[in-house]
Amino acid sequence: MTNETTYREKGRAVVLAALMVLSVVAMSAAFVGGAAAANQTQTVTDGDLVWSGQVIENSSFNNNEDVQLRQSNSDGNDEGLEEELSANGTGVLTIDTDNLDAGYYLFQTNAGEVHFEIAEQTLDVDFEASQIENEGAETETELTFDSNRGTYDVNVTADGLDVADLTNIFDDNHNVIDDNANGDDDTVTVEDVEGSADANFSGIDESEYNFTFDVTDSTAETSASITVTQGDDANREFTNAPQGAQGDIIPVTVDLDGATSGAVVLGNVDNDNYQTWTEFSVTDSEFDSEVTLLYNTASANNGPWTVHESVEDDVEIDGQNVSTEVGTPPLAATDYEMTLGSSIVDTSASDVSVNDESDSTYLSLAERENPSSVTSHTAPAADGVYGEDFEDATITETENIANGDKFLISIEDFGAEGDIAGLVANGANNGDNINDKLANNHGISLEIEEQDPGANAQAEVWNSTPGVENRLDLNAVNIENYDGDLYLEVEYNSADYAENLSEDKSYDTTLNIDDTNQYVDDGDKIEIEGEVSLNEATLEWDLEDEDEVPAGEEELTGETTLAPGTEFDTVARSSGNFVMNNEVVVNEENGVRTFAATYDFSGEAGNTFNLETRYGNGIDASVEDLVLVEAQPEPQPDISVEGQVSSSEVQVGDDATLDVTVTNDGDAAGTVDFHIDIDGETVQQEEITVEAGSTYDASADFDTSSAGDISWETHAGNASDSGTLTVNEADGSDGSDGSDGSDGSDGSDGSDGSDGSDGSDGDDGSDGSDGSDGDDGSDGSDGSDGSDGSDDGTPGFGVGVALVALLGAAMLALRRQN
């Protein structure tokens, strides 16, 4: 019993000793922050503010001198001794304010009194959210520091989080100055905190965490808690198969499946010797559409990723890089693997990968094809053709340019959106002269050469290449709203030119693309040829002086060489009678450019007038002394229609045709809607034009396979005709039909022998089978009675039925005998 007690007591002693050791260790850990604060000192001078817990010092003392620390007030008056202290062997006095109450203090130095105030620092720290996700859309929350002190450093610890975790949480938006990398505790120090900034819990294990925040040099300390939950596992997906040609900007669409961020890696370092990546995020909490990224193949080595304009207000690029560059541009035509995930594992690596990979696909890049053609165009001189004005301008494809009108060329299927975007990114705008940029960066130039310089003369040549004698300026038309066809304005007349193009001459045009262009092989050159004529600008009325003009509403026309879409005023003027204005627009049909002005001259018969154009530039046309005469009625068509059938009655199976004639007895051509309807169904319908005094013929066949009336009607505009065709049954001479009478005998009523023997009545059975008309087999087949005597003249049911009746009677007699 004694031994048992001894062992029990020994056990207690061991447990108590262990508890004491553990409590000492725990207390040591708890005071790590306090120790950090105690190790920091600051020099105090007269009038300083000191925060409770700070260690202060002053070196204005004799070695080992005794110093009185005295209480004071806000006026600096001495209110008694607080405690007596001693300077150290070098004359430095150190005071730990941790044990002093907040208030005013002073001490006497060799240089005079030093007054200072000790204040208690307040500290409140709060997470905006009480719960946060560790991946997906909700990984960040606002962390707010509130204190009566300006800025200060804090030590941060949290059970369950190590230094790496704490650094990841705070270092994005706070300045972590000490991560205790070589220490034995999981503490980070955050510098100059105050106010609010986000904390990022992406990748932190799900749990509830209690954070301790203590100021490094004061007694201020507080804590804040937050719960981290597992975020939704977003199944991010590529939703298109990205493809394009070298130089293109290729869209890459991504479904984030509710997540608000993602990352894409394009290219495999081992297979492609090229790799680029981008990280992106959704900035609008209401955004729930697909994200469209744009990859610029022309800038493969230089920030190729952007977002599509349709989502640029909702999505932003957070980061991008080319981890392995293309050795010699352009980017090779091949298939490039793409992977999609939540973020990039290591953005500094030369071969990167994504976190949480959820999908992969391939971007297919084809070789760039050469432009298909170069086409010349014109536009009115007054039309703007740059940028948005281009959409509203009247652009006409033509080889004929009127001197003074706009001259444009389009390079069809030029492609290379990425290269054009590069022009814009480097400062080029619509309307700018881009000769140098086209030639030096893309190897593009335009040459115009005179076709027929004349005998013993050398053809003039103009070129857009910088530095040539006969310069030709090319202005960008649509590079800021580019859609695959490149438009350039050619300045063919300029005060800066040594020689301008001459009107009424034709020229050969050649677009050159040399090997300065990254898509043209070394030593190669692309040449696309065309031609254009520069014509004199002219206006001419179709009327001549003293012509007669009807005094009604009249359209007066003329021809011009000006660009289609050109607008100008015309004036009809009769001295003392009227002045009429009308704005006209140039139109082109079959290569002829015309204009038409409409005037109402009603009531002006007998007057004369002059007609003028008001375009300007010295090319206006006029006609004089035009005579207004009484207007004659306008010629009108007179349309009628008639339908004819060869006979109003036919038999089943006969041919029958409706012949229709449309006649125009008027003195003008008439265009009408024409149709033929048979038995309520339209069998022919079209729009026809019948010239004055002419006819139009059409026909349609009837279906006569069955008896009955068939209606028909025909219309030509407001004119119409109609009728009926009657289809009758065939005549009774069809003996072969009469032979079908045997079928009629298969009736259940055939056994009524007594009725069948009424020969005279039987002949009336179906009207027409009696006597000589018995051959009308078609009528005789209408019923059981119709078979009377059609084959052998036997009255009643015929031979077959008589035999059956005899057999029946015989069997009945035998039965009765039995």
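The values are calculated or read from the model by the stated rules, or taken from the named source; none is laboratory data. Here the structure is a predicted model, which is why all the values come from computation and not from measurement. Methodologically, a virtual Cβ is constructed for each residue, glycine included, from the backbone with ideal geometry; neighbour enumeration extends over all protein chains shown. What goes into the accessible areas is simple: the full protein's heavy atoms, side chains included, and nothing from ligands, DNA or RNA. Shrake-Rupley method; radii C 1.70, N 1.55, O 1.52, S 1.80 Å.
Before moving on, here are some points about what is shown:
- All conditions in (1) open to solvent by 20 Å² or more (accessible area, probe 1.4 Å); (2) touching a helix residue (DSSP H, G or I) at 6+ places or on another chain (Cβ under 8 Å); (3) in a strand (DSSP E or B) hold for Ser506, with the sole exception of (2).
- Inclusion of Glu499 among residues that are open to solvent by 10 Å² or more (accessible area, probe 1.4 Å) and part of a strand (DSSP E or B) is not warranted.
- Check on Ala129, assigned to a loop (DSSP other than H, G, I, E, B) and closer than 30 Å to Arg236 by Cα: yes
- Boolean, Val176 is assigned to a strand (DSSP E or B), more than 30 Å from Ala102 (Cα to Cα) and within 43 Å of the chain's Cα centre (by Cα): no
- In the range 555-577, the residues that are open to solvent by 90 Å² or more (accessible area, probe 1.4 Å) and small (Gly, Ala, Ser): Ser575
- Subset of the range 642-667 [at pLDDT 95 or above and not in a strand (DSSP E or B)]: Asp665
- If the condition is being among the small types (Gly, Ala, Ser) and open to solvent by less than 10 Å² (accessible area, probe 1.4 Å), then the range 464-483 contributes Ser464, Ala476.
- Scanning the range 175-210 for residues that are closer than 27 Å to Ala259 by Cα, of a type outside the set (A, V, I, L, M, F, W, C) and open to solvent by less than 30 Å² (accessible area, probe 1.4 Å), we see that the one that is modelled with the highest pLDDT is Tyr209.
- Selection from the range 231-281 of residues that are touching a Lys or Arg at 6+ places or on another chain (Cβ under 6 Å) and either farther than 12 Å from Ser358 by Cβ or assigned to a strand (DSSP E or B) (or both): Ala245, Gln246, Gly247, Gly262
- Residue count for the range 537-554, restricted to those that are outside any loop (DSSP other than H, G, I, E, B) and open to solvent by 50 Å² or more (accessible area, probe 1.4 Å): 3
- Subset of the range 576-601 that is modelled with pLDDT of 95 or more and of a type in the set (S, T, N, Q) - its residue that is nearest to Leu628 (Cα to Cα): Asn577
Residues are listed down the side, and each one gets a yes or a no for (1) open to solvent by 40 Å² or more (accessible area, probe 1.4 Å); (2) hydroxyl-bearing (Ser, Thr, Tyr):
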position: Glu397; (1), (2): yes, no
position: Ala402; (1), (2): no, no
position: Asp405; (1), (2): no, no
position: Ser410; (1), (2): no, yes
position: Ala428; (1), (2): no, no
position: Asn435; (1), (2): no, no
position: Glu449; (1), (2): yes, no
position: Ala455; (1), (2): yes, no
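- Ala439, sole failed condition from (1) over 28 Å from Leu539 (Cα atoms); (2) among the hydrophobic types (A, V, I, L, M, F, W, C); (3) open to solvent by 50 Å² or more (accessible area, probe 1.4 Å); (4) touching a residue at least 60 places away in the same chain (Cβ under 8 Å): (3)
- Which numbered condition Asp638 misses (of (1) at pLDDT below 95; (2) closer than 30 Å to Ser602 by Cα): (1)
- Residue check: Ala164 meets all listed conditions (1) surrounded by fewer than 19 Cβ atoms within 10 Å (Cβ to Cβ); (2) among the hydrophobic types (A, V, I, L, M, F, W, C); (3) over 46 Å from the mean Cα position of the chain (by Cα) but one, namely (3).
- Single match in Ala241, Ala220 (criterion: open to solvent by less than 60 Å² (accessible area, probe 1.4 Å) and among the hydrophobic types (A, V, I, L, M, F, W, C)): Ala220
- Qualifying residues in the range 331-355 (those that are of a type outside the set (Gly, Ala, Ser) and surrounded by fewer than 19 Cβ atoms within 10 Å (Cβ to Cβ)) - the one nearest to Asp524 (Cα to Cα): Thr334
- Residues (surrounded by 14 or more Cβ atoms within 10 Å (Cβ to Cβ) and farther than 16 Å from Val114 by Cβ) located in the range 51-68: Trp51, Ser52, Gly53
- Looking at the range 288-340, none of the strands (runs of 3 or more DSSP E) lying wholly inside it contains 2 or more residues that are of a type in the set (A, V, I, L, M, F, W, C), touching a residue at least 12 places away in the same chain (Cβ under 8 Å) and within 12 Å of Gln275 (Cα to Cα).
- Tallying residues that are within 19 Å of Ala551 (Cβ to Cβ) and hydrophobic (A, V, I, L, M, F, W, C) within the range 589-619 yields 6.
- When Ser348 is tested against (1) in a loop (DSSP other than H, G, I, E, B); (2) in contact (Cβ under 8 Å) with a residue 24 or more places away in the chain, only condition (2) is not met.
- Residue, most open to solvent (accessible area, probe 1.4 Å), within the range 620-635, restricted to residues that are in contact with a Ser or Thr (Cβ under 6 Å, 6 or more places away or on another chain) and either free of Cβ contacts under 8 Å to residues at least 12 places away in the same chain or not charged (D, E, K, R) (or both): Val627
- Residue match in the range 361-373 (condition: assigned to a strand (DSSP E or B), of a type in the set (D, E, K, R) and surrounded by fewer than 20 Cβ atoms within 10 Å (Cβ to Cβ)): no
- Those residues of the range 605-635 which are at pLDDT below 95 and either charged (D, E, K, R) or in contact with a His (Cβ under 7 Å, 6 or more places away or on another chain) (or both), in sequence order: Glu630, Glu634
- For the range 101-116, filtered to residues that are among the polar types (S, T, N, Q) and part of a strand (DSSP E or B), the residue that is least open to solvent (accessible area, probe 1.4 Å) is Thr109.
- Checking each residue in the range 578-596 for being within 37 Å of the chain's Cα centre (by Cα) and either among the hydrophobic types (A, V, I, L, M, F, W, C) or open to solvent by less than 40 Å² (accessible area, probe 1.4 Å) (or both) picks out Val585, Val586.
- Of all residues in the range 327-349, those satisfying the criterion of being within 29 Å of Ala416 (Cβ to Cβ) and more than 30 Å from the chain's Cα centre (by Cα) are Gly327, Thr328.
- The strands (runs of 3 or more DSSP E) located wholly in the range 36-88 that include 1 or more residues which are over 60 Å from the mean Cα position of the chain (by Cα) and hydrophobic (A, V, I, L, M, F, W, C) occupy 48-51, 55-58, 66-72, 78-86.
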